[in-house]
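The values are calculated or read from the model by the stated rules, or taken from the named source; none is laboratory data. Everything numeric here is computed off the predicted structure, so don't read it as measured data. Here the Cβ is made from the backbone with ideal geometry for all residues, glycine too, and neighbour counts use every protein chain on show. Accessible surface areas use protein heavy atoms only, side chains included; no ligands, DNA or RNA. Shrake-Rupley method; radii C 1.70, N 1.55, O 1.52, S 1.80 Å.
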Amino acid sequence: MTGPHRGRVGYIAALAVGASLFAAACAGAGQERQSTESSQEGLRAGAPASGVGLTSRQAEHALLTEAYLGSQWTEVTDAGAGREGLLRGTVNAQNWLTHKQDVVVCQQLLDRLSGNRILGAPLADTQAVAVFDADDGNLMRYEVGTYSAAELGATRRWFGSLAQTCGVFTATRPDGTAEDVRVTSLPVPKGEGTRHALSVVAKGSTEGVPFTLSLDVALMTSGDSAITVVNGGLAEASHLTTGLAVRLGVPRLATVLAGGTPPAQPTGLLD
């Protein structure tokens with residue numbers, strides 16, 4: 001991609017603006033996990049994946065837990081509603097001298113991040129979500145679900161192109177201020193399934209106070225099922241933790257899809 005700047009910083013800047021609110025909404029909420037339980041709730045956790053992929057109970061079992069992330073992470077109530085209003089921004093289309101169509105691609109990333117939905121909507125009753133709060137105030141949102149094959153394939157191609165397509169750009173937040181955003185590829189542990197990850201860093205100011213928002217965003221797929229991870233906040237995102245979530249999370253999903261039940265505790269060293 002040859003265009004100079006790309007715009008997606010609005011989402012990240014806005015998160016920075018309300019990161020403290022988001023953390024406060026999460027803190028003390030207890031060890032709850034939001035999942036989409038359906039009429040299939042009575043199915044065995046270890047039942048083989050059906051023709052449509054996961055059941056919501058199986059997706060629940062595929063989630064990572066505090067035991068897999070370490071003592072610095074605490075599971076909290078999903079605070080997605082608090083983040084939706086904080087992560088909005090508009091790509092500055094004038095930054096593109098050529099490849100104007102890329103503005104739409106980068107705007108889609110902003111919109112999906114602001115809506116806590118890297119992928120589109122999962123198939124009915126196939127989703128589970130866990131949110132974790134770190135000691136440094138950063139948050140990790142970990143989601144498992146099954147999607148239509150066509151949508152998942154298109155999203156995988158879109159996500160894999162973002163580092164090259166969006167690169168460095170500016171975006172305008174709802175309050176009219178500008179942010180600088182950088183999107184780069186992030187290496188992840190190799191293994192089964194498709195794995196992609198991005199580092200997204202936004203710098204701006206809110207009410208005259210400068211901030212830097214750092215996020216890791218990962219997408220892993222196995223068949224028509226997928227894991228998405230958004231990890232970070234006003235503290236520097238831990239690439240090590242993101243890599244850990246990928247390395248330990250994909251095998252858990254594969255085990256569930258094969259009809260098994262992942263262990264409650266990880267085996268071996270976590271680092």
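A few comments on the model shown:
- Selection of segment 214-224 for residues being open to solvent by 50 Å² or more (accessible area, probe 1.4 Å) and either without any contact (Cβ under 8 Å) to a residue 60 or more places away in the chain or of a type in the set (Gly, Ala, Ser) (or both) yields only Gly223.
- Filtered residue count, segment 120-158, keeping only those that are over 16 Å from the mean Cα position of the chain (by Cα) and touching a residue at least 60 places away in the same chain (Cβ under 8 Å): 9
- Every condition in (1) open to solvent by less than 10 Å² (accessible area, probe 1.4 Å); (2) in contact (Cβ under 8 Å) with a residue 60 or more places away in the chain is met by Leu248 except one, and the failing one is (1).
- Flag if Ala218 is assigned to a strand (DSSP E or B) and of a type outside the set (Ser, Thr, Tyr): yes
- Given (1) open to solvent by 10 Å² or more (accessible area, probe 1.4 Å); (2) in contact with a Phe, Trp or Tyr (Cβ under 9 Å, 6 or more places away or on another chain); (3) under 16 Å from Glu66 (Cα atoms), number of the condition Asn231 does not satisfy: (1)
- Residue in segment 154-166 that is under 17 Å from Asn116 (Cα atoms) and among the aromatic types (Phe, Trp, Tyr) present: yes
- Summed over segment 222-251, residues that are over 13 Å from the mean Cα position of the chain (by Cα) and part of a strand (DSSP E or B) total 2.
- Here Pro48 clears all of (1) open to solvent by 50 Å² or more (accessible area, probe 1.4 Å); (2) at pLDDT 60 or above; (3) of a type outside the set (Lys, Arg); (4) in a loop (DSSP other than H, G, I, E, B) except the condition numbered (2).
- In segment 162-185, residue most open to solvent (accessible area, probe 1.4 Å) [restricted to those that are part of a strand (DSSP E or B) and without any contact (Cβ under 8 Å) to a residue 60 or more places away in the chain]: Arg182
- Residue check, Phe211 of a type in the set (Phe, Trp, Tyr) and surrounded by fewer than 18 Cβ atoms within 10 Å (Cβ to Cβ): yes
- Test: residue in segment 124-132 that is of a type in the set (D, E, K, R) and at positive phi: yes
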